[in-house]
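First comes the structure, then the notes that go with it.
The values are calculated or read from the model by the stated rules, or taken from the named source; none is laboratory data. Please read all numbers here as calculations on a predicted model, not as lab measurements. With ideal geometry, Cβ positions are generated from the backbone for all residues, glycine too; neighbour counts draw on all protein chains shown. Accessible surface is based on the protein model in full, side chains and every heavy atom, while ligands, DNA and RNA are left aside. Shrake-Rupley method; radii C 1.70, N 1.55, O 1.52, S 1.80 Å.
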Amino acid sequence: MAAPLVLALVLAVLPLVLPEFANETIARIGVFAVAVLGLNVVMGYTGQVSLGQIFFLGVGAYVTAYGVQNDWNIVLVFVLACLIPAVAGLIVALAAARLGGLAIAMVTVALPIVGVPLAKRLSEFTGGSQGLSARFADNPEWTGLYDDQWQLYIVLVIGGIVFLLTRYLVRGKYGRAFAIVKGNENVASSMGISPYRYKVLAFTIASLIGGVSGFLYMLVVQYTSPETMSFGHSIELLAAMVIGGAGSIVGSILGGAWYVLVPQLTNAVDASLTALLQGAVLLLVLFVLPGGLASLPRALTRGRRRSGADRGVGAPPTTPSSTAGSGTAAEGSERERQGPA
């Protein structure tokens, strides 16, 4: 119980002591950690292949930008930024969940591919190729905070609630049903668990979480365009989930950090080699830690146990002193019996 309280205290103090750039970077990590979390619900916990999570982030961002530009109530904007992607995800899931294998992947691949030209055509709502900008997170005067501090607090609160609710979801009866569907759909059906129903549910929840990340994206970045939902970003989001750790809450946070920090680091080394360096780091992590960065503690524990076992096997055998004593006494008795003869 003490650990969550300490973590909450650290997160409450952190925005006040960090510089502006650090607060902005952590806020961006929070945005994409939420997006990776949604992808983890549908892929990591339920085993469906989805390459369209970035589409729902983009829809949530566009809904947020449009609502802010038209002076809608910000609470209403947040609700719509969650519900509209969720409804879109539900419609897609109702059709795609009946398919299997690569067919589901192809349906989700189409989402960002169709979403980019659609956003360009619906210029009345999306701003076309120019995109939309919206600023709605200026700190209230009564807080005494800077804008970067206020924005980070909002990301931490909303993102924290989403992570807690998702944690309860995957650790409850729905999470157990997701795991059974992921393991074997035939076994799930024999246990009275409908794979179709739970696939649709997981995809819809992932889409809703994608909408939340889109709202937070506009909060932090304050600009969106068709490029936001491009297929390349969808692949990067998938790579972030795999590297962070599929089926892991902590892995989602690590995946968000990967998505934000690694491009910055590779650009600092050599901007022309960004893609090459990212690919090399990706391969290195997957070869060393197939379960992602979240599996590092388990890998270290197994390594310590294995090294301890090796030391135990290689140790020279020891002869108990009592056994040696018994053998000496026996030899002495034998010489005494042979002496008189």
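Okay, residues lined up against (1) hydroxyl-bearing (Ser, Thr, Tyr); (2) touching a Ser or Thr at 6+ places or on another chain (Cβ under 6 Å):
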| site | (1), (2) |
| --- | --- |
| ALA8 | no, no |
| GLU20 | no, no |
| ALA27 | no, no |
| ASN40 | no, yes |
| THR46 | yes, no |
| LEU51 | no, yes |
| ALA61 | no, yes |
| GLN69 | no, no |
| LEU83 | no, no |
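Quick grid of which residues meet (1) in contact with an Asp or Glu (Cβ under 6 Å, 6 or more places away or on another chain); (2) in a helix (DSSP H, G or I); (3) open to solvent by less than 50 Å² (accessible area, probe 1.4 Å):
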| position | (1), (2), (3) |
| --- | --- |
| ILE26 | no, yes, no |
| GLY38 | no, yes, yes |
| THR46 | no, no, yes |
| TYR66 | no, yes, no |
| TRP72 | no, no, no |
Every residue from the range 300-321 that is open to solvent by less than 70 Å² (accessible area, probe 1.4 Å) and modelled with pLDDT of 80 or more: THR301
Scope the range 173-200; condition within 20 Å of the chain's Cα centre (by Cα), farther than 18 Å from ILE104 by Cα and among the basic types (Lys, Arg); matching residues: ARG176
Yes/no for PHE203 being within 21 Å of the chain's Cα centre (by Cα), within 30 Å of VAL13 (Cβ to Cβ) and assigned to a helix (DSSP H, G or I): no
Residues of the range 218-257 that turn out to be part of a helix (DSSP H, G or I) and open to solvent by 30 Å² or more (accessible area, probe 1.4 Å), as a count: 12
Residue match in the range 241-249 (condition: touching a Pro at 6+ places or on another chain (Cβ under 7 Å) and at pLDDT below 90): no
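When you scan the range 271-299, how many residues do you find that are surrounded by 15 or more Cβ atoms within 10 Å (Cβ to Cβ) and not in a helix (DSSP H, G or I)?
So the count comes out to 3.
Can you name every residue in the range 155-169 that is in contact with a helix residue (DSSP H, G or I) (Cβ under 7 Å, 6 or more places away or on another chain) and open to solvent by less than 40 Å² (accessible area, probe 1.4 Å)?
Answer for the range 155-169, where residues must be in contact with a helix residue (DSSP H, G or I) (Cβ under 7 Å, 6 or more places away or on another chain) and open to solvent by less than 40 Å² (accessible area, probe 1.4 Å): VAL155, ILE158, GLY159, VAL162, PHE163, THR166, LEU169.
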ASP71 being among the charged types (D, E, K, R) and without any contact (Cβ under 8 Å) to a residue 12 or more places away in the chain: yes
Residue within the range 135-144 that is at pLDDT 90 or above, more than 15 Å from the chain's Cα centre (by Cα) and open to solvent by less than 40 Å² (accessible area, probe 1.4 Å) present: no
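Return the residues of the range 125-162 that are over 26 Å from ALA8 (Cα atoms) and either of a type in the set (Ser, Thr, Tyr) or part of a loop (DSSP other than H, G, I, E, B) (or both); say none if nothing qualifies.
Listed by number, the residues that qualify are THR126, GLY127, SER129, GLY131, SER133, ALA134, ARG135.
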Residue in the range 50-88 that is farthest from THR228 (Cα to Cα), counting only those that are among the aromatic types (Phe, Trp, Tyr) and over 24 Å from the mean Cα position of the chain (by Cα): TRP72
Given (1) modelled with pLDDT of 75 or more; (2) surrounded by 10 or more Cβ atoms within 10 Å (Cβ to Cβ), index of the condition ALA268 fails: (2)
